[in-house]
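Report on the following structure.
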Amino acid sequence: MLTKISVTIAAGGIVFESLMGIEFWTGALIVVIITGVYTVAGGLRAVLYTDMVQMFILIGGAIIVTIVGLIKLGGIGELYSNAGAGFFSLWKPMSDPNFPWTGILFGAPILGVWYWCTDQFIVQRVLSGKDINHSRRGTIFAGYLKLLPLFLFVIPGVIAYALTQKGIITLESPDHALPTLVGALLPVGLKGIVVAGLLAALMSSLSSVFNSCSTLITWDIYKKLRPESSEKTLVLVGRVATVILVAFGLLWIPMMKLISGQIYQYLQSVQAYIAPPIAAIFLIGVLSKRVNSQGAIAALLTIDFRIDERFTERIFL
């Protein structure tokens, strides 16, 4: 609810607002309704197939925006001179207030263990493989795809910054960078394809979250409390639970600005609270046979109490 549902819905609202002039909350509700319909109707199979198709649309759209943006700037040399050398280095000094190299070196692996090894968003896909080799191949392929965001998001973002420096485009906020690039640089036909790619990517993420949440709540909570429940009842419970989570996600969106004014920074801030304790529990569980589930749950409850305290203090104080 805090990281995936609220962030994805908010991003959808921004795309509609920036590119189509549709009011933010109207756009957000459109994304929710369309995604909910095909997720509920098709289940995990529909989610996986739409993810695969939407992947190609997203990659193609990002490539088009990057190429057209570089042409508009006058080439890579102009990009470098207008953006500055600082935008092309991932290794900042320890004194850097935002991205010191220590955070990249020690923080990223913690986030990686949490996301790739324990997040239901990923685990559910691995478990849906035909066999263990099929799942391994899928995981390795996904790992290679994860190298693409540098070219899909980071470089277009630097292009957007360089274009603002030259006065070619104007950004209301960093969150509007990609929609503004699409609206300002692309002709009508290409613009429609890229907008479809953006919305496809958002709906892909949201549909996966819907399916993952309903599975967790249905099988890990409701099924254990009521083991005699029929398949029809479980499906209904999953759908109702998803609707409730979406409602809470929508209510949480106004609170996001209290943590950070930018979606990406907000997402990283929340993940920084969530990832370390779960990654620690997972790694200790893998490396030690003495650890049991009761101890893991007790540790997580203790850590979560401290996280909630710090999280609440950051929001309200």
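We did not get these values from a lab; they are worked out from the coordinates using the rules stated. No experiment lies behind these values; they were computed from the predicted model shown. Neighbour counts are summed over all protein chains in view; Cβ atoms, including those assigned to glycine, are modelled from backbone coordinates with ideal geometry.
Some notes on this structure:
- Loop-located GluC sites (Glu not before Pro) across the range 165-264 with a Cβ neighbour count of 10 or fewer within 10 Å are 228, with loop assigned by DSSP.
- The chain: calculated mean residue ellipticity at 222 nm from DSSP helix runs of at least 4, using -39500 (n - 2.57): -24500 deg cm²/dmol
- Dipole moment magnitude, nearest 20 debye, the range 89-244 about Cα centre, only Lys, Arg, Asp, Glu C-beta charged: 360 debye
- Ranked 45, 239, criterion: other C-beta atoms within 10 Å, fewest first: 45, 239
- Ranked packing of 276-287, 131-142, 190-201, most packed first, by mean Cβ within 10 Å: 190-201, 276-287, 131-142
- Additional length obtainable on full extension of the chain from residue 22 to residue 168, 0.36 nm per residue less Cα span: 50.2 nm
- A Cβ-based charge dipole, computed about the Cα centre of the chain with Lys and Arg at +1 and Asp and Glu at -1, lands at about 740 debye.
- In straight-distance terms, cross-link reach from residue 72 covers every one of the lysines whose alpha-carbon lies under 30 Å from its own, apart from those fewer than eight places away in the same chain; here that gives 92, 146, 166, 191.
- Karplus-derived 3J(HN,Hα), 6.51/-1.76/1.60, for each residue of the range 119-132, Hz, glycine and proline x: 6, 4, 3, 8, 4, 4, 5, 5, 5, 7, x, 5, 7, 5
- Phi-based couplings in Hz for the range 55-62 (Karplus 6.51, -1.76, 1.60; Gly and Pro marked x): 4, 5, 5, 5, 4, x, x, 5
- With both labels modelled 7 Å from their Cα along Cα-to-Cβ, the residue 99 to residue 137 distance reads 3.6 nm.
- Stretchable slack from residue 85 to residue 190, in nm (0.36 nm times residue separation minus alpha-carbon distance): 34.7 nm
- Magnitude of the charge dipole for the range 203-309, about its Cα centre and with charges confined to Cβ atoms of Lys, Arg (+1) and Asp, Glu (-1), is about 200 debye.
- Panel order for 89, 260, by other beta carbons found within 10 Å of each beta carbon, from fewest to most: 89, 260.
- Karplus-based coupling profile of the range 87-93, in residue order and whole Hz: 7, 10, 10, 8, 9, 8, x, with θ = phi - 60° in 6.51 cos²θ - 1.76 cosθ + 1.60 and x standing for Gly or Pro.
- Under 5 Å, built H, 5+ apart or other chain: amide partners of residue 92: 101
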